[in-house]
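Visitor: Can you read through this structure? Questions will come right after.
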Amino acid sequence: VTGVAVSADGRSAVSASSDHTLKVWDVSTGALQHTLERHAGEVRSVALSADGRTAVSASLDRTLKVWDVSTGALQHTLEGHADWVNGVAVSADGRSAVSASSDRTLKVWDVSTGAVRHTLEGHADWVRGVTVSVDGRTAVSASSNRTLKVWDLSTGAVVATYTAEGILLTCALAADGLTIVSGDMLGRVHIVKLEYA
């Protein structure tokens, strides 16, 4: 199991796996509700919309897939990355997803149509992790080039960059939209506080 996401109400969980599948679980009983089988490679990451109705998965097959959690039906396949897709985050309103790829880019997607809104360029190596702020205006990405980048999702511009000592593997953004926590390959956790003028 390479990733897991839990619905805001705590009733459902979706797990991602190296066996190319995702599984939807009833958290209270532990019962398997659906197995989602349409990826052609390891599924690296999964994210849920705030209402728990939509899941977006990221895979080494270079695609993302949008799923209806209640039925297990595939809604869209998101194509456009030139290499592995390592991470995904979904905005709180469920309208946008942001993907992190080994092609050194992030993409901002319209979840309902599957269209790319922006391609975010600026990392010099694999992008390994991504998170989106509660208000959906900002994304933070973690990269093998030892940087965290903060992005304005409306324009696609880099707002800030933080450089660490080791390869950054993952990142999270606190509800305040200012505190970033990231983990690196050297076993360190970095806490970065954004300050806006």
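Just so it is clear, none of the values below were taken in a lab; they were calculated from the coordinates. All figures in this text were calculated on a predicted structure; none of them were measured in a lab. Neighbour counts are summed over all protein chains in view; Cβ atoms, including those assigned to glycine, are modelled from backbone coordinates with ideal geometry.
Visitor: Which of (1) surrounded by 15 or more Cβ atoms within 10 Å (Cβ to Cβ); (2) of a type outside the set (Phe, Trp, Tyr); (3) touching a Leu at 6+ places or on another chain (Cβ under 9 Å); (4) over 23 Å from residue 67 (Cβ atoms) does residue 130 not meet, given it meets every other one?
Guide: (4)
Visitor: Another question, if that's okay. Checking residue 182 against (1) over 27 Å from residue 61 (Cα atoms); (2) in a strand (DSSP E or B), only one condition comes out false. Which one?
Guide: (1)
Visitor: Would you mind stating whether residue 61 is outside any strand (DSSP E or B), in contact with a Phe, Trp or Tyr (Cβ under 9 Å, 6 or more places away or on another chain), under 19 Å from residue 143 (Cα atoms) and charged (D, E, K, R)?
Guide: Values: outside any strand (DSSP E or B): yes; in contact with a Phe, Trp or Tyr (Cβ under 9 Å, 6 or more places away or on another chain): yes; under 19 Å from residue 143 (Cα atoms): no; charged (D, E, K, R): yes.
The answer is no for residue 61.
Visitor: Separate question: Check 59, 91 and return the single one that is in contact with a Gly (Cβ under 6 Å, 6 or more places away or on another chain), in contact (Cβ under 8 Å) with a residue 24 or more places away in the chain and farther than 19 Å from residue 17 by Cβ.
Guide: Values: 59 fails: farther than 19 Å from residue 17 by Cβ.
Selected residue: 91, the only one of 59, 91 that is in contact with a Gly (Cβ under 6 Å, 6 or more places away or on another chain), in contact (Cβ under 8 Å) with a residue 24 or more places away in the chain and farther than 19 Å from residue 17 by Cβ.
Visitor: Which residue, of 52, 94, 87, is of a type in the set (Gly, Ala, Ser), under 21 Å from residue 177 (Cα atoms) and more than 10 Å from the chain's Cα centre (by Cα)?
Guide: Numbers: 52 fails: under 21 Å from residue 177 (Cα atoms); 87 fails: more than 10 Å from the chain's Cα centre (by Cα).
Being of a type in the set (Gly, Ala, Ser), under 21 Å from residue 177 (Cα atoms) and more than 10 Å from the chain's Cα centre (by Cα) holds for just one of 52, 94, 87, which is 94.
Visitor: Pairs only if they're at least six apart or on different chains, beta carbon under 7 angstrom, first in the stretch 1-28 and more than 10 Å from residue 42 (Cβ to Cβ), second aromatic (Phe, Trp, Tyr); list them, first residue then second.
Guide: From the stretch 1-28, the pairs are 12/25; 13/25; 15/25.
Visitor: Tell me which residues, restricted to the stretch 87-117, are polar (S, T, N, Q) and farther than 21 Å from residue 134 by Cα. Steps first, answer last, please.
Guide: Restricting attention to the stretch 87-117, the residues satisfying the condition of being polar (S, T, N, Q) are 91, 96, 99, 101-102, 105, 112-113.
Those that are polar (S, T, N, Q) and farther than 21 Å from residue 134 by Cα: 101, 102, 105, 113.
Visitor: Can you find even one residue in the stretch 129-149 that is more than 18 Å from residue 87 (Cα to Cα), polar (S, T, N, Q) and in a strand (DSSP E or B)?
Guide: No.
Visitor: Sticking with this one: Being small (Gly, Ala, Ser) and in a strand (DSSP E or B) is the filter; apply it to the stretch 67-102 and report the residue that is farthest from residue 40 (Cα to Cα).
Guide: Initially, the stretch 67-102 is screened for residues small (Gly, Ala, Ser), giving 70, 72-73, 80, 82, 87, 89, 91-92, 94, 96-97, 99-102.
Keeping just the survivors that are in a strand (DSSP E or B) gives 87, 89, 96-97, 99-101.
Numbers: 87: 16, 89: 21, 96: 23, 97: 20, 99: 18, 100: 18, 101: 16 Å.
Among them, the one singled out is 96.
Visitor: Here's a follow-up. Being surrounded by fewer than 21 Cβ atoms within 10 Å (Cβ to Cβ) and either of a type in the set (Phe, Trp, Tyr) or within 15 Å of the chain's Cα centre (by Cα) (or both) narrows it down to one residue among 155, 119; which is it?
Guide: Unique residue meeting the criteria: 119.
Visitor: Take the residues of the stretch 90-116 that are surrounded by fewer than 17 Cβ atoms within 10 Å (Cβ to Cβ) and not acidic (Asp, Glu): which is farthest from residue 68 (Cα to Cα)? Spell out how you get there, then give the answer.
Guide: The first filter runs over the stretch 90-116 and keeps only residues surrounded by fewer than 17 Cβ atoms within 10 Å (Cβ to Cβ), leaving 92-93, 95, 110, 112-113, 115-116.
Narrowing the set further to residues that are not acidic (Asp, Glu) leaves 92, 95, 112-113, 115-116.
Working: 92: 16, 95: 14, 112: 11, 113: 14, 115: 18, 116: 20 Å.
Looking at residues that are surrounded by fewer than 17 Cβ atoms within 10 Å (Cβ to Cβ) and not acidic (Asp, Glu), I get 116.
Visitor: Return the residues of the stretch 150-179 that are part of a strand (DSSP E or B) and closer than 22 Å to residue 50 by Cβ; say none if nothing qualifies. Show your work before the answer.
Guide: Taking the stretch 150-179 first, the residues part of a strand (DSSP E or B) are 150-152, 157-163, 168-173, 179.
Those that are part of a strand (DSSP E or B) and closer than 22 Å to residue 50 by Cβ: 150, 151, 152, 170, 171, 172, 173, 179.
Visitor: Scan 103, 83 and give me the residue that is closer than 19 Å to residue 16 by Cα and acidic (Asp, Glu). Give the steps one after another, and end with the answer.
Guide: Values: 103 fails: closer than 19 Å to residue 16 by Cα.
Selected residue: 83, the only one of 103, 83 that is closer than 19 Å to residue 16 by Cα and acidic (Asp, Glu).
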